[in-house]
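Report on the structure given below.
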Amino acid sequence: MRRNALEDRHRALGCDLDPAHMWNDMVVPQVYATDPQDETVAVRTAAGLFDVTMLKIVDVAGPGAADLLDGLVTSDVARLPPGQSLITTIVDDVGGIIDDILIYRDAPDRFRISHGSGATEEALAEHAPRHDVRWARDEDVHVLSLQGPLSLALVAPHAGIDLAALPYFGHARTRLFGKNVTLGRGGYAGERGYEVFCAAADAPFVWDRILHAGQGLGVKPASWGCLDIVRVESALLFFPFDMPHPDTTPWETCQHWAVDLDKPAFRGRQALVARRGAERTVNAGLEINYHDVVTPGAVLSRDGAAVGIVNSVTWSRYLMKSLALCAVHPDHAAIGTALVVLDGGARHDARIVRTPFYDPMRLRTHPRAG
């Protein structure tokens, strides 16, 4: 079991750190004494501070690091400049997604991988021996994620870099509140936000200082219950819950942007070429005529026939809607398509809508100049 240096902070906020809420061998702060819906309002109007240390961070370094990753993931790692990161997928030999990951390039020969519960490390163990590379899980790093429109104003005065100049998906080594950290611009909430990578020993201090800076401004600690609400509102996928088939392809999750077929070779490339255009389902957004959350796994029906399945779900009090990310047959994925959600003995009318549900133009994360 992995230990979290912020356990005392989470307990003080009313989280019992129930072992039933274990992810990646670490208990997550699923709920605090505050309402996750109120925390969502803080994220959308001020800022929320999440602890996402449960992610696994893997360091990959050496002369062969770029070649190893380029042969392993679907994106073109060679084109990624130091100081930038990208989201990509790892597929197996039949083109099925085995992990959805974030790669940070710190230097030409140094990378960090952030991943969840997928098989990234198994893939590294299999392929790394063919390259001049060393890799290891970073067991000391803690990751704090401040998300919301006030995030820049809260962090910038205490950072050792010009944080406003850091581009989306950019990152840099610096100091924050006097501690050595890496700051990255990104997150999982559909807001402008910053992720702080720090040593475990520094995490409680940095956590406290961020919240102190936000006192009186509506900033709140935010639980994983809140994180699931804001990421569904923002239509952000979560492996493996939004990959319903055992061999779901990036084409079926609508992650075409993460696949670079111009690369001459990478694991699963031939299978992806063969399976393009043969999607069984595609990911889509679903707005449900219901006053509560529906059940993941509920069947989608049209004219009496099953045409898909519900994956990630939430009731969004901020948007006043019952929402779901679903996998639906391509013939029924057009915006406006009417469907029925079969949830146990209940039936709910629903329709395919544009995603993200919140901020469909993604102007919160990608504001226009001026």
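The number of residues in the range 293-334 that are of a type in the set (A, V, I, L, M, F, W, C), in contact with a Pro (Cβ under 8 Å, 6 or more places away or on another chain) and open to solvent by 10 Å² or more (accessible area, probe 1.4 Å) comes to 2. Residue by residue through the range 283-294, note down the ones that are part of a loop (DSSP other than H, G, I, E, B) and either over 20 Å from M320 (Cβ atoms) or not β-branched (V, I, T) (or both). Those that are part of a loop (DSSP other than H, G, I, E, B) and either over 20 Å from M320 (Cβ atoms) or not β-branched (V, I, T) (or both): N289, Y290, H291, D292.
Looking across the range 250-289, the residues that are over 15 Å from L72 (Cα atoms), touching a strand residue (DSSP E or B) at 6+ places or on another chain (Cβ under 8 Å) and touching a residue at least 60 places away in the same chain (Cβ under 8 Å) come down to E252, T253, Q255, A284, G285, L286, E287, I288, N289. Of the candidates R185, R175, R192, the single residue that is within 22 Å of the chain's Cα centre (by Cα), open to solvent by 20 Å² or more (accessible area, probe 1.4 Å), without any contact (Cβ under 8 Å) to a residue 24 or more places away in the chain and under 30 Å from R368 (Cα atoms) is R185. Have a look at F197, F241, F205 and point out the one that is out of contact with any Asp or Glu (no Cβ under 8 Å at 6 or more places or on another chain), more than 30 Å from G95 (Cβ to Cβ), open to solvent by 50 Å² or more (accessible area, probe 1.4 Å) and not basic (K, R). The conditions single out F205.
The values are calculated or read from the model by the stated rules, or taken from the named source; none is laboratory data. Predicted model, so just to flag it, every value in this text is computed and none were measured. Note that we place each Cβ from the backbone using ideal geometry, even for glycine, and neighbour counts take in every protein chain shown. Surface areas here come from the heavy atoms of the whole protein model, side chains and all, with no ligands, DNA or RNA. Shrake-Rupley method; radii C 1.70, N 1.55, O 1.52, S 1.80 Å.
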